[in-house]
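To keep things clear, I will list the structure first and then write my remarks on it.
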Amino acid sequence: MHQKAMDLSSKEVAVLSFLSGIRDYIEEDQVSPKGLDRKETSSAISWLEAKGLIDVIRSEEIAYELSQEGARYLSVGLPEEQLYLLLESQSAVSLPDLTAKMNATDVRIGLAQLAKFGIRPSEGIISFKSVPQFHEEMERRKSFLEAISRQDFKDLDSSLLEHFRKRGGLLVEKRKTRRKMKINEPGRAALQESGQGDRVEDLTPEIIASGAWRERGFRSFDLTAPSEKFSGGYYHPMTILISRVKEIFTSMGFSEMPGHYIETAGWNMDALFIPQDHPAREMQDTFYVTSKKKVEMEFPEIIGISRKVHERGFGKYPGWGYRFNEDESRRLLLRTHTTVSTIRYLYTHRDSPQAVFSVEKVFRHESTDWTHLAELHQIEGAYYGKDANLSTLKSLMRNFYTQMGFKNIKFIPSYYPYTEPSMDAVAIVNGKAVELGGSGIFRPEVTRPIGLREPVIAWGMGLERVAMLFFGLPDIRQLYRSDLEWLKNYPIKN
Ligand code: PHE
């Protein structure tokens with residue numbers, strides 16, 4: 001045996017001495033030396049095996065985990081249950097109304113599952129029918145999923161396992177290798193030898209100060225031992241997506257404009273003709289920032305300009321006609337959209353044409369869930385020039401979204417306080433309509449008072465929603481979970 005390999009770490013000694021008290025093979029999860037956690041135990045076992053000090057027998061076992069979809073259903077209820085409850089409360093619902101109330105995938109699955117209970121739509125309407133034992137069945141399904149999420153496979157119901165395996169998508173099958181092991185003769189000898197003294201393994205300030213290392217000596221390391229594989233660094237998927245977006249904008253002749261995380265309400269909202277009592281300004285929608293220092297606002301004259309327009313309008317355009325509060329304009333906030341960068345950029349670049357974009361973070365005081373984040377990236381594109389009109393806007397957006405990979409784009413009317421007309425772009429992806437973002441022509445109340453003579457067209461959209469489509473994620477939060485497994489294996493790499 002290799003001389004150095006016999007030099008045991010304290011963890012290996014702990015595992016060996018635990019095993020030395022047991023005669024027969026023992027399952028890995030039964031090996032529980034004092035002071036070691038599962039990971040340390042498992043790694044010590046691997047080392048002992050490599051050093052030939054224990055005999056190991058491996059066997060394969062199939063285990064299950066919940067997929068993200070499965071975990072979601074465990075918390076919000078299975079689609080068939082959601083649908084059943086909805087029907088119970090409304091007695092009958094038309095299929096189009098259903099999709100307004102539940103997400104489309106859930107509706108599809110819910111319908112398929114309820115059909116097995118004899119509840120089927122007829123002529124586009126699905127009606128409630130009481131199913132005896134329905135709730136009991138749902139409880140059984142839920143406790144089954146719960147057991148899987150606890151990794152408790154002891155009393156798994158085989159008919160439910162069959163049911164969920166057939167359904168697909170909720171369970172992830174994992175092959176696990178089980179190990180059982182036994183100390184062998186060389187192991188016993190090594191354990192005896194290791195009794196020669198506890199060598200220093202971790203050099204601590206105490207050991208150095210007390211000089212204890214002199215008597216104890218150091219444990220040697222086998223530098224030739226194989227180590228874990230290292231993989232190189234990767235770009236975060238969002239970084240890749242962001243560079244892609246920037247490339248597209250640049251290829252269209254747009255240049256990137258600067259911006260700030262912290263803005264004043266004066267720029268973020270007032271300058272965009274958003275009335276001061278607009279609901280989006282409430283504390284529950286916007287993160288306000290407090291500052292002990294007096295705020296020096298960039299281009300403070302915008303306050304006076306906004307005040308006039310909000311109170312009395314501009315030219316033939318009536319204002320909102322309320323009393324404008326200048327202190328409100330000075331309030332600091334985390335910008336809620338990047339349209340704030342557009343308006344300030346144009347304020348200082350009044351010569352047309354201008355074509356600008358940004359891909360930056362914005363903040364919304366929302367609770368996070370599988371489709372919402374409080375901190376997200378927004379894409380903003382804006383064009384200022386004589387030929388800025390609705391058809392230019394549509395063709396710019398079509399061009400942009402096509403390059404992003406969305407072929408089938410539709411526009412629907414929408415509303416933003418600073419654009420008129422306003423429209424939202426919708427992409428049809430796998431037959432489903434996905435909202436991409438807002439757009440419109442800036443209102444004269446926004447552009448004229450700050451000296452912009454030509455029209456401005458702009459569009460904006462949240463990037464993480466798009467990332468979900470790109471990377472096929474059922475849950476938006478996965479993007480920022482630092483899940484190494486996913487980060488190493490996400491589908492798009494450059
Ligand atoms: N700022 C809007 C939002 O945050 C999007 C938008 C941008 C709308 C430009 C119109 C014009 O959703």
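Bear in mind these aren't lab numbers, they're just calculated from the coordinates by the rules spelled out. All values derive from a computational prediction rather than experimental measurement. Note that we place each Cβ from the backbone using ideal geometry, even for glycine, and neighbour counts take in every protein chain shown.
Observations
- 0 to 90° range, to nearest 10: angle between helix 79-90 axis and the chain longest Cα axis: 50 degrees
- Relative to the dominant Cα principal axis of the chain, helix 10-20 is inclined by about 50°.
- Estimated FRET transfer efficiency when R0 is 35 angstrom, pair Val429-Lys292 (beta carbons, to 0.05): 0.15
- Overall form of the stretch 313-362 per C-alpha gyration tensor (a/c, 1.5; a/b vs b/c): oblate
- Sorted by Cβ density within 10 Å, fewest first, the residues Asp152, Asp55, Asp270: Asp152, Asp55, Asp270
- Rounded to the nearest 20 debye, dipole of the chain from Cβ charges on Lys, Arg, Asp, Glu: 960 debye
- Cα→Cβ-extended label distance, 7 Å offset, between Ser149 and Ser255, nm: 5.2 nm
- Sparse packing (at most 16 other Cβ atoms within 10 Å of the Cβ) combined with a DSSP loop state is found for the following trypsin sites (Lys or Arg not before Pro) in the stretch 403-476: Lys407, Arg453.
- Nearest 10 degrees, 0 to 90: helix 301-312 Cα axis against the chain principal axis: 60 degrees
- The slack in the chain from Glu228 to Glu193, taken as 0.36 nm per residue of separation less the alpha-carbon distance, amounts to 9.8 nm.
- Signed unit charges on C-beta, dipole axis of the stretch 370-494, positive-most listed residue Tyr415, Leu376, Leu396: Leu396
- Among the listed pairs Lys246/Lys394; Lys116/Lys432; Lys154/Lys176; Lys51/Lys488; Lys11/Lys51, a Cα-Cα separation exceeding 21 Å is found for Lys116/Lys432; Lys51/Lys488.
- Per-residue Cβ neighbour counts within 10 Å put Thr239, Thr342 in the sequence Thr239, Thr342, beginning with the fewest.
- Across the chain, the mean sequence separation of Cα contacts (distance under 8 Å, 6 or more residues apart), normalised by length, yields a relative contact order of 13 percent.
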